[in-house]
Amino acid sequence: MNPGLTVRTITESDVPDWCRALHVGFLRRPTVSKEEVETRLGGIDLARTQGAFDAGSVSVNGVNGAGGVNSADGADGRCVATFRSFAQQLTVVGGAAVPADAVSNVTVSPTHRRRGLLTRMMDTDLRLAKERGDAVATLVSAEYPIYGRYGFGPATWITEWEVDVARAGLDGRYTGPADGGRVDFATPETVRGLGPAFHERFRATRPGAVSRSERWWRMETGDLSNGAADEPWKEPFFAVYRGPDGTVDGLLSYEVNERWDGKLPDNTLVVRHLLATSPAAERALWHFVLSVDWISTVRSGHRAPDDVLPLLLGDPRAARVTTHADYLWLRPLDVPRLLQARTYAASAALVLDVRDPAGLAPGRYLLDATPTGATCAPTTRSPDLTLDVAELGALYLGDESVQRLVALGRVQEEQAGAAATAEALLRTGRRPWCP
């Protein structure tokens with residue numbers, strides 16, 4: 001390790017330089033505005049925000065001509081890597097929530113790659129999360145190969161479809177839900193008021209869903225800017241579905257990319273969020289989206305791979321997959337707590353030998369599972385399955401197949417039939433999804 005490199009939690013005076021390093025890592029313009037610094041300060045926990053500083057790297061002091069700020073070098077030099085985490089609740093199979101350490105804003109500047117900076121920051125954060133009592137760490141990975149070595153496994157996946165509306169085969173005379181419910185446009189203020197309670201109801205129904213803070217709702221409805229010049233606020237369209245009894249069972253936001261070919265509309269509707277707590281609400285919102293006038297293409301946004309959308313169409317071939325990729329990654333920190341928190345599709349006992357090179361969650365555990373709950377505790381019994389902690393993360397929400405990982409050599413079946421038993425216990429009827 002270069003002796004001139006220091007990894008530490010940041011202070012308020014470090015934030016402008018930290019933001020600049022964040023921009024560099026994510027290939028954004030390195031200009032940092034005063035508004036962005038103020039917004040960032042209102043949304044991060046400095047005690048959970050780390051930076052790497054190079055005493056030999058010099059930045060420019062002062063205010064630039066575009067109204068941005070370039071922070072002065074501190075005693076440790078210029079910021080060359082960023083990392084932060086925040087508190088989160090993760091919904092698991094069965095609807096319970098577990099405390100999670102959400103990892104975000106991870107960058108290393110191109111000038112400082114391969115020097116162990118991410119490893120140092122990740123190790124510090126995960127050990128503190130373990131001490132706090134977080135059951136798991138979460139992240140959305142920009143690059144697939146990075147995080148497996150830190151014990152993370154891909155636990156949810158997303159698919160995005162592009163729908164050719166003219167070929168969708170839906171009833172062109174559609175005027176609204178036939179179930180007594182209704183879809184109405186909503187203002188940002190209305191969404192800020194009803195959204196949080198609705199989302200809590202939704203979150204309890206979907207393994208993989210995570211909590212949303214008041215700040216999240218303010219930013220998604222334009223009440224709070226992120227201050228970034230590259231990401232100006234553009235107000236979307238908001239709509240809600242209310243069931244026959246008036247309860248809000250669905251929430252939608254979308255934007256339109258307008259394009260006309262002469263006098264012919266060729267507009268694309270892009271779904272930002274579409275959440276529903278009932279099948280009727282989900283169908284109604286999709287039908288609404290696909291019936292908006294002048295729209296030739298609908299982009300679904302990131303959906304669960306088994307979303308109802310394609311089969312909702314008269315011609316499912318009108319929906320073309322444009323993205324299919326891993327999304328939420330999990331890193332178990334407390335194996336007994338995690339395995340006891342979720343429910344299972346069958347009743348059985350299973351001994352798991354969990355390997356964890358970082359030493360955060362290794363051990364041999366006896367899982368005694370039932371459809372209504374489970375117990376899990378350390379044991380000295382012979383293992384049924386041996387697996388790394390990252391594979392447990394991939395399996396935990398029920399999306400990955402134990403038998404597939406055995407076939408890949410990533411899980412070892414120590415007792416005949418153990419993989420099939422684990423498959424029956426862990427898998428879920430619908431795939432987990434983190435919207």
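For the reader, a short list of remarks on this structure follows.
- Qualifying trypsin sites (Lys or Arg not before Pro) for region 214-309 [loop in DSSP, other Cβ within 10 Å: at most 14]: K234, R259, K263
- Evaluating 6.51 cos²θ - 1.76 cosθ + 1.60 at θ = phi - 60° for every residue in region 255-265, the Karplus couplings come out as 10, 10, 8, 7, 8, 10, 9, x, 9, 9, x Hz, glycine and proline recorded as x.
- Under 5 Å from the amide H of R272 lie the amide H atoms of S253, Y254, E255, each residue being 5 or more positions distant or on a separate chain, with H modelled from the backbone and absent for Pro and chain starts.
- The gain in end-to-end length when the V308 to R114 segment is fully stretched comes to 65.5 nm, 0.36 nm per residue minus the alpha carbon separation.
- Ordered by 1.4 Å accessible area with all protein chains kept, Y365, Y144 run largest first as Y144, Y365.
- Residues of region 350-435: accessible area per residue with a 1.4 Å probe, Å²: 43
- Ranked from largest to smallest solvent-accessible area, with a 1.4 Å probe on the protein heavy atoms, K130, K34 come out as K34, K130.
- For the chain, a crude dipole built from +1 on the beta carbon of Lys and Arg and -1 on the beta carbon of Asp and Glu, taken about the Cα centre, is about 440 debye to the nearest 20.
- Total formal charge among the other residues, if their Cβ is under 15 angstrom from that of V183, Lys/Arg +1 and Asp/Glu -1: -2
- Alpha carbon convex hull of region 322-435, projected area averaged over orientations, nm²: 7.6
- Note on surface exposure: E220, E12 rank E12, E220 by accessible area, highest first, 1.4 Å probe.
- Averaged over its residues, region 261-330 has an accessible area of 45 Å² per residue, based on protein heavy atoms and a 1.4 Å probe.
- Accessible area of T323 in the full protein assembly, 1.4 Å probe (Å², nearest 10): 40
- Under 5 Å, built H, 5+ apart or other chain: amide partners of L224: M219
- A probe of 1.4 angstrom, applied to the heavy atoms of all protein chains, finds E38 with accessible area near 130 square angstrom.
- C-alpha center-to-center spacing [region 242-261, region 110-168] in angstrom: 30
- The residue among V248, V351, A186 whose Cα reaches farthest toward the positive pole of the charge dipole of the chain, with charges on the beta-carbon of Lys, Arg, Asp and Glu, is V351.
- Solvent-accessible surface (1.4 angstrom probe) belonging to S253, in square angstrom, nearest 10: 10
- Per atom type, region 166-296 shows carbon and sulfur on 51% of its accessible surface, probed at 1.4 Å.
- Charge tally around S291: other residues with Cβ under 10 Å, Lys/Arg +1 each, Asp/Glu -1 each, net -1.
- Per principal axis, descending, Cα span of the chain in whole Å: 70, 69, 36
- Neighbourhood charge, 13 Å Cβ-Cβ cut-off, centred on D45 and excluding it, Lys, Arg +1 and Asp, Glu -1: +2
- Positive-end residue of L392, T156, F26, charge dipole of the chain with Cβ unit charges: L392
- Per-residue ellipticity at 222 nm computed for the chain from its helices equals -6500 deg cm²/dmol, with DSSP H segments shorter than 4 residues left out and the rest contributing -39,500 (n - 2.57).
- In plain terms, the bigger the Kirkwood radius, the slower the diffusion; for region 157-207, with that radius from Cα pairs, at 20 °C and 1.002 mPa s, Stokes-Einstein puts D at 145 µm²/s.
The values are calculated or read from the model by the stated rules, or taken from the named source; none is laboratory data. Since we're looking at a predicted model, the values are computed, not measured. With ideal geometry, Cβ positions are generated from the backbone for all residues, glycine too; neighbour counts draw on all protein chains shown. We work out accessible area using only protein heavy atoms, side chains counted, and drop any ligands, DNA or RNA first. Shrake-Rupley method; radii C 1.70, N 1.55, O 1.52, S 1.80 Å.
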